[in-house]
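Shown next, in C-alpha cells, is the structure this report addresses.
The values are calculated or read from the model by the stated rules, or taken from the named source; none is laboratory data. What you see is a predicted model; the values in this text were computed from it and never measured. Positions of Cβ are generated from backbone atoms using ideal geometry, with glycine treated the same way; all protein chains shown enter the neighbour counts. Quick note on the areas: whole protein, heavy atoms, side chains included, nothing else; ligands and nucleic acids left out. Shrake-Rupley method; radii C 1.70, N 1.55, O 1.52, S 1.80 Å.
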There are 2 protein chains.
Amino acid sequence: MHKLAIYHLETLLWIARLGTFRAAAERLNTTQPAISARVREIESQLGLAIFRREGRGVVLTARGRQLVQDCEPLLAGLESALLEAGGHAGAAGVVRIAAGEIAAATCLPHFASAVRKDLPGVTLHIDLDLTARMLQNVLSGTRDIAFLAGPVASPGLRTARIGEVSLVWLASPETAAQGGLQAATPVWSIGEHSPIHRVTCESLQMAGLPVRAINTCNNVATMLGIVASGTGAALFPETMARPMMKSGALVECAPPPSSQICFEVAVRSNESDPVVLELFRRAAMFSIAG
Amino acid sequence: MHKLAIYHLETLLWIARLGTFRAAAERLNTTQPAISARVREIESQLGLAIFRREGRGVVLTARGRQLVQDCEPLLAGLESALLEAGGHAGAAGVVRIAAGEIAAATCLPHFASAVRKDLPGVTLHIDLDLTARMLQNVLSGTRDIAFLAGPVASPGLRTARIGEVSLVWLASPETAAQGGLQAATPVWSIGEHSPIHRVTCESLQMAGLPVRAINTCNNVATMLGIVASGTGAALFPETMARPMMKSGALVECAPPPSSQICFEVAVRSNESDPVVLELFRRAAMFSIAG
DNA sequence: CTGAATTAATAAGAGTTTTTTATGCATAAG
DNA sequence: CTTATGCATAAAAAACTCTTATTAATTCAG
C-alpha cells in the first residue's frame with residue numbers, strides 16, 4: 001500500500017512534539033535534511049499537506065494534527081507489541097535521562113547496570129542538571145526520564161517514588177572534636193531550592209541553633225571535599241557520604257534529623273514510547289529493593 | 001528503535017493468514033526470497049523466533065501468533081488513519097475481486113470506473129469464477145471482495161445486497177414467432193447451482209410447462225449467442241441481454257417471471273485492510289443508486 | 001523406492017531509497 | 001543591518017531491498 005515505514009510516522013510525532021524539524025532531527029539522531037525528506041515523502045504518499053511552512057518554521061495543518069493524534073496511540077501499541085513479543089530483549093535506542101546530583105549518585109549506578117544487563121540494546125544518555133531545568137526538559141521532550149530528589153508534582157508529569165535516603169550531619173574529625181555542630185562554622189548546604197536545604201534549616205532550628213548565614217555549593221561532591229578539609233559541617237545524604245565516613249575523613253557531628261530525602265523518577269504523563277515506559281517501570285520497581 | 005517498516009508486519013500477517021511464504025509473496029506482489037528476507041529481518045530485530053521451520057513449511061510459534069494477533073488491529077488502525085488523513089486519495093494497492101459472470105457484467109463496469117475516478121491509486125484484479133470457488137477464495141484470503149448473484153451466507157463472510165436485476169425469457173425472433181416459450185426447444189440455463197436455474201424451473205412449472213431436460217452452459221454470454229442463433233430460449237438477466245434486445249437479435253417470448261436475481265458483495269468478516277473495507281463500503285452504497 | 005513437485009534458504013548482482021554534506025534562501029532577533 | 005535560526009534543495013555516498021538462480025529438504029505419487 002504505502003512505502004511508509006514506522007519511522008516516518010515516528011518522525012511526524014517528534015516534529016509535532018518538539019515543534020521544529022531540527023529538534024526532531026536531533027532527537028532521532030539524524031540530520032535535518034533527512035527529516036525534510038521524510039516529511040516530503042509522507043506528504044506525497046498521502047497527497048496531503050501535513051505542515052504549513054510559516055515564517056522560518058512549520059506548523060501542523062488541521063489534518064496533520066488529526067493524523068498525529070490518530071497515529072500516536074497506534075504507534076505506541078505497535079512498539080509495545082513488538083517489545084513484548086521479544087521479551088523486551090529487542091528494546092533498543094537511546095533513552096535520555098536527566099538526574100539531580102544526589103539521585104544520580106544514589107540511584108544511577110545500580111540502574112544503569114540493571115539496564116545494561118536486561119536491555120542491552122538500550123543506550124542511556126545521562127545529563128546531570130538542576131531540578132527545575134530537568135522537569136522542563138522532560139516536559140518538552142528533550143529528556144525522557146528524570147531521577148530527582150524531593151517530591152515534585154506537575155501536571156503533565158508522572159512520578160513514582162523510588163526510595164529514601166537518610167541525612168547525616170558530617171564534619172571533619174577535627175571540627176567534630178572541637179564541639180560538633182554547635183561550634184562548626186560555617187554550615188554548608190546546597191542551593192535554596194533543594195530539599196536538603198530545607199531540612200538543614202529545620203534541623204538547625206530544632207537543635208536550638210540560630211539559622212546562621214549558610215554557605216551554599218551547588219555540588220555535593222565538591223561540598224564533601226570542602227567539609228572534609230575541615231571547613232564547617234553540612235547535612236549530607238548518607239549514601240553519598242558513606243565512603244568518606246568509612247575512611248574516617250568525615251564523622252557525624254550531630255544527631256541525624258528524622259527527615260529523609262525521597263527520590264522520584266518522572267516521565268511525561270503522556271509518554272508513549274514503550275521503551276521509556278518500560279525503563280520507568282523498572283526504575284520505579286527495582287529501586288525499592290535497592 | 002527498529003528498522004521495521006509497516007510492510008514487515010503486513011508480511012507477517014499475510015504469512016499467518018495464508019500459511020506459506022510463497023502464498024504471501026504472491027499476495028503481496030513480490031517474490032518468496034523477499035518474504036524470507038523480511039521474516040529474517042523481523043526475527044533478528046526482535047531477537048525472537050516467529051516461525052518454526054517444520055518440514056517444508058513453517059508454522060507460527062506461540063509468541064509469533066501472539067505478535068500477529070496484537071499487530072493486526074493496530075496495523076489496520078494505522079492504515080485507516082493514514083487513509084482518512086488523505087481523504088482516501090492516498091488509497092493504493094491491488095484489490096483482488098472475484099465476480100460471477102452476471103454480477104460482473106452488471107456491476108463491474110460501473111464499479112471499476114467509480115474506483116478509477118475516486119481512488120486512482122487502487123488497482124483492481126478481477127477474476128470471474130463460480131460462486132463456490134469465489135467464496136472459498138475470499139474466505140482464504142486469495143480474493144478480497146466478491147460480487148455475486150443470489151443470496152449467500154456464511155460464517156466468516158460479510159455481505160451486502162447491492163441491487164436486483166429482472167429476468168426475461170428471450171429467444172430469437174424466429175423462434176419466438178414459432179410459438180414462443182411453449183414451442184421453444186430446448187430451454188437453456190446456466191449450471192445447477194445458479195439462482196437463475198432455480199427461477200427457470202419455477203417459471204416453467206408456473207407456466208404449466210413440463211420441466212423438460214434443460215440444456216446448460218456455464219457462460220451467459222455464450223448462451224446469449226446460442227439462443228440468438230435460433231436454438232431454443234432461455235431466461236436472461238435483463239441487463240446482460242439489453243443490447244441484443246435493442247438490436248432485435250433477441251425478443252421476449254414469454255411473460256417475465258416475478259422473481260429477480262439479487263446481487264451481493266462479500267468480504268471476509270474479519271477483513272481489516274481499510275482499502276478493501278472502503279471499496280466494500282462504496283460497492284454497497286453506490287450500487288444501490290446505479 | 002525412486003522421481004516429481006513443493007517450499008524455504010542462500011548468494012550475488014541490480015536497482016532503488018535514504019542519508020549525508022554543502023549550500024541557498026527566508027525570517028526573526030539583536 | 002547584521003547575525004542567527006530553520007527549512008529547502010542538489011549531488012554524491014551509503015544502505016537497503018528486491019530479483020534471479022540455485023540449493024537443500026520434504027512430501028507425494030507411481
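Annotations for the structure displayed:
- When the range B:136-155 is filtered for residues that are under 8 Å from the mean Cα position of the chain (by Cα) and not charged (D, E, K, R), the ones remaining, listed by number, are B:VAL138, B:ILE145, B:ALA146, B:PHE147, B:LEU148.
- Residue within the range A:7-16 that is more than 11 Å from DNA strand D (Cβ to nearest atom), more than 10 Å from every other protein chain (Cβ to nearest Cβ), open to solvent by 40 Å² or more (accessible area, probe 1.4 Å) and not aliphatic (A, V, I, L, M) present: no
- Test for A:ALA37: is it out of contact with any helix residue (DSSP H, G or I) (no Cβ under 8 Å at 6 or more places or on another chain), without any contact (Cβ under 8 Å) to a residue 60 or more places away in the chain, crowded, with 17+ Cβ neighbours inside 10 Å and more than 9 Å from chain B (Cβ to nearest Cβ): no
- Search result, residues across the range A:232-258 that are among the polar types (S, T, N, Q) and either in contact with a Ser or Thr (Cβ under 8 Å, 6 or more places away or on another chain) or open to solvent by less than 40 Å² (accessible area, probe 1.4 Å) (or both): A:THR239
- When the strands (runs of 3 or more DSSP E) confined to the range A:133-203 are screened for residues that are surrounded by fewer than 17 Cβ atoms within 10 Å (Cβ to Cβ), those reaching at least 2 such residues are found at A:157-171.
- Matching option when the condition is within 16 Å of DNA strand C (Cβ to nearest atom) and in contact with a helix residue (DSSP H, G or I) (Cβ under 9 Å, 6 or more places away or on another chain), among A:GLY57, A:GLY64: A:GLY57
- Selection count where residues are near DNA strand C (Cβ under 10 Å from one of its atoms) and in contact with a strand residue (DSSP E or B) (Cβ under 8 Å, 6 or more places away or on another chain), scope the range B:16-40: 4
- Residue within the range B:51-66 that is over 16 Å from A:GLY90 (Cβ atoms), open to solvent by 20 Å² or more (accessible area, probe 1.4 Å) and within 8 Å of chain A (Cβ to nearest Cβ) present: no
- Of all residues in the range A:76-131 being within 14 Å of chain B (Cβ to nearest Cβ) and among the hydroxyl-bearing types (Ser, Thr, Tyr), the one that is farthest from A:LEU13 (Cα to Cα): A:THR123
- Residue check, B:VAL265 among the β-branched types (Val, Ile, Thr), open to solvent by less than 60 Å² (accessible area, probe 1.4 Å), within 14 Å of another protein chain (Cβ to nearest Cβ) and in contact (Cβ under 8 Å) with a residue 60 or more places away in the chain: no
- Residues that are in a helix (DSSP H, G or I) and touching a residue at least 12 places away in the same chain (Cβ under 8 Å) occur at least once in the range A:204-214.
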